[in-house]
Structure formats: C-alpha cells, structure tokens
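One structure below.
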Amino acid sequence: MKFNGRCSNFVSMKAWVIERIHDLNTDDSPLKLVDLPKPVPQQGEILIKVSVCGICHTEIDEIEGRTPPPKYPVVPGHQVVGIVEQTSGNRSDIRPGDRVGVAWIFSTCGTCEYCISGRENLCKDFLATGRDVHGGYAEYMIVPEQFAYKISDIFSDSEAAPLLCAGAIGYRSVSLCNMSNGQRIGLTGFGASAHLVLKLVKYQYPQSKIYVFARSLEEREFALQLGCKWAGDTTDKPPHLLDSIIDTTPVWKSVVYAMECLKPGGRLVINAIRKESIDKEYLLNIDYTKHLWMEKEIKSVANVVRSDVKEFIWIATEIPLKPEVELYPFEKANQAIMDIKMRRIKGAKVLVI
Ligand SMILES: [Zn+2]
Ligand SMILES: [Zn+2]
C-alpha cells in the first residue's frame, strides 16, 4: 500500500470502502461510506478530483474474496475520470484543470524483464487501482503521473469511464485473438466489455462477422441491435465454426461450449480476472478430441499495459466509440454493485461522484 495513507490531517473527503470479504448472497451492502483524509500527492504524483468512476465486475471479485485487497480498508474503483487539482512531477502535458483518466494499472516496477519488454501487465510488483491502492469511489485520488491518461473532449465523463477498463481490456483481448480481417469472432457473455469489443471489431475488422453467446434474451437482442451476425444462448451452436472467441463470463460452462465452437487452430481468450467456482465441475465435460485437439488454445488476459489504454482511447476517439452507460448517484454505490452481481447488465455502469 505504498501510495495509501499519505494524507493531510486537516481536510477530509467522502469515500466508499471495502473493509472485509462479504458474501453478496446474504449481504447487499458490502461498501461502507466513510470520511477519509484527502490524499496529498508526493513527488511524481497527481491529485485528481474525481468526477465519475466506472463500476466493474472486478469489484465483485474483490468483495467476494476471489482477488482480495491485500489491506483494508480500500477504496475500490479503477475506471476513474476527474480533473487534475495538483501536480508534483515532471510531466509537462498534464496541468491542473486538465481532465484525465486512471485505469486498473496504477504502477509497476519499471525495471523487471516484463516491464522492459512491454509486458508490464505481468510485473510481480503490479499495483492495481482500487484493490492494492485506493481507487475512484471517492471524491479524490492520487496516481503516479505516468499512469494517467488525457481524454478527448468528444467524450463526456461517464462515456469516458468505461473506456478505461471494459474498453482497454477488451482491446487487449481482441489483440490476443491475433485476428485478421474477415475472420469470424465469437463473444461469450455480453456485458460492458463485450459490447465495446463488438463496436471495436466492426471498426478494426470490417469484413469480420461477430457471433454473440449470451444467456439472456435481452442481451442477445442488444447484441443484434449493435450489429452482430448471430446471437444465441451459451449452449447454442453458431452456423459456422469460429476463428477466435472472447469469454467475458464469470463461469466455466461457457468455456467448455466455446471450445466446441472453435475451428482447428482457434483460440479462446478468457477475459476475466477470476472465474467463480460455482460450476467448476462442468470442466469434467472437457473431451480432449472435441474441445482441445487440432491445436485449439486457451489464453487468459491479465491486467492491461498503458499502451492498451492509450491506443484504445485513441481508436475510440477515431471511431468514435461511445459506450452505452447507466448512471448511479454516489450514494447508490451498493445498489450498483448488487445490480452487477445480479447480472442486471445493459452496457456499462458508472458512479457519479
Ligand atoms: Zn475493470
Ligand atoms: Zn516490473
């Protein structure tokens, strides 16, 4: 918690915090609203007055203990948009009054084999915003200046927030598919990240067809409205085998079914920080010949690197790609969390600070 706890004793701020692991099946108010000292930036950091913070399924994984914060309490939230209030570093392109974003990648060591080879997402000292250090469900936060991103004026605050996680990790997932234009791609699960991926793929690979697997009829209809070629249930078979599939579900059944829908040499990219164990026994259905033979691959997506965030913001500005968002007032943070837990999902949820 290197960057936590440095603070002024004189000024406080409102913040939502996670104080311990909760079972969301029995407890629908996992976050606690507290007064914390307003943070003070140290050398190389900036202080941001938070405007909005996107709400991500990863908060559920933190709260339920699948990727628990190393120390409590911690302010969650890693899709942060706000106004720079104070700078104390060398970066000349960020000034007080500028609007910036903060993503899941809060800092890395900068010197290990992964950091120096463009794979800082795999750094063992990777600190995650809103898990390892305080995030954006608060009036203020600090971030190292090299881990803040300028955001184009074409986006409102709430449109920009989901670009920082759902969008950036979606972009990384598409990159890991090694697609070429015209190849068929599947998306299993259709939450905030998948709907941005659909729009991204239509732009980057205009001749490719997109196939969406989703349990809910509402999600399938939403996907068809956004221009996918085919939408079916998780267990339905698309009319063609697919070159790659991105899985954004928290469960295993979708993984097994997806492997069956891949072409020889196809790749499944799992975009989930943790899988839930609720249907883990479903993996016993894996049949080597049917699901893995013919050089089919499974690859996970771990975190993001800064260039994922920068490149995705740039492409989203070019398209322009504006996420569908649902806003929650600051005091409704617990409701937003529960809506994600209950899979009441259409587009991306954003907390207005
Ligand atoms: Zn996220
Ligand atoms: Zn490193």
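The values are calculated or read from the model by the stated rules, or taken from the named source; none is laboratory data. For clarity, every value in this text was computed on a predicted model and none was experimentally measured. FYI the Cβ positions are ideal-geometry reconstructions off the backbone, even for glycines, and counts take in every protein chain you see. For accessibility, only protein heavy atoms count, side chains too; no ligands or nucleic acids. Shrake-Rupley method; radii C 1.70, N 1.55, O 1.52, S 1.80 Å.
Please go through region 125-176 and give me each residue that is within 16 Å of ligand 2 (Cβ to nearest atom) and of a type in the set (S, T, Y), ordered by number. Once the filter is applied, which keeps residues that are within 16 Å of ligand 2 (Cβ to nearest atom) and of a type in the set (S, T, Y), region 125-176 yields nothing. Go over the candidates G97, G110 one by one and state the one that is open to solvent by 40 Å² or more (accessible area, probe 1.4 Å) and within 16 Å of ligand 2 (Cβ to nearest atom). Only one candidate passes the filter, namely G110. Looking across region 31-59, just one residue is of a type in the set (S, T, Y) and away from ligand 1 (no atom under 16 Å from the Cβ), and that is S51.
How many residues are on the phi < 0 side of the Ramachandran plot, of a type outside the set (S, T, Y) and not in a strand (DSSP E or B) when one looks only at region 291-310? The total comes to 12. Annotation: Q204 fulfils all but one of (1) out of contact with any His (no Cβ under 7 Å at 6 or more places or on another chain); (2) over 19 Å from E324 (Cα atoms); (3) surrounded by 18 or more Cβ atoms within 10 Å (Cβ to Cβ); the unmet one is (3). Counting only residues that are touching a residue at least 60 places away in the same chain (Cβ under 8 Å) and more than 16 Å from ligand 1 (Cβ to nearest atom), which one in region 113-141 is surrounded by the fewest Cβ atoms within 10 Å (Cβ to Cβ)? By that ranking, first place goes to G118. Filtering region 18-64 to residues that are in a loop (DSSP other than H, G, I, E, B) and acidic (D, E) leaves E19, D23, D27, D28, E64. Residues that are touching a helix residue (DSSP H, G or I) at 6+ places or on another chain (Cβ under 8 Å), farther than 30 Å from G265 by Cα, open to solvent by less than 40 Å² (accessible area, probe 1.4 Å) and outside any loop (DSSP other than H, G, I, E, B): does region 142-151 have at least one? Yes, the conditions are met somewhere in region 142-151. From the list I278, I270, I246, I286, the one residue that fits, being under 23 Å from the mean Cα position of the chain (by Cα) and open to solvent by 50 Å² or more (accessible area, probe 1.4 Å), is I278. Can E159 be described as closer than 24 Å to K322 by Cβ, at pLDDT 95 or above, buried (at least 20 other Cβ atoms within 10 Å of the Cβ) and among the acidic types (D, E)? Judged against the criteria, E159 is a match.
The set of residues in region 238-268 that are part of a loop (DSSP other than H, G, I, E, B) and closer than 12 Å to T188 by Cα comprises P238, T248, T249, P250, V251, W252, C261. For T317, the requirement of being under 30 Å from G101 (Cα atoms) and surrounded by fewer than 18 Cβ atoms within 10 Å (Cβ to Cβ) is met. Looking across region 65-94, the residues that are of a type outside the set (D, E) and either assigned to a strand (DSSP E or B) or within 16 Å of ligand 2 (Cβ to nearest atom) (or both) come down to V74, V80, V81, G82, I83, V84, Q86, T87.
Would you call V251 within 16 Å of ligand 1 (Cβ to nearest atom), in contact (Cβ under 8 Å) with a residue 12 or more places away in the chain and closer than 20 Å to A166 by Cβ? Considered against the rule, which asks whether it is within 16 Å of ligand 1 (Cβ to nearest atom), in contact (Cβ under 8 Å) with a residue 12 or more places away in the chain and closer than 20 Å to A166 by Cβ, V251 comes out as no.
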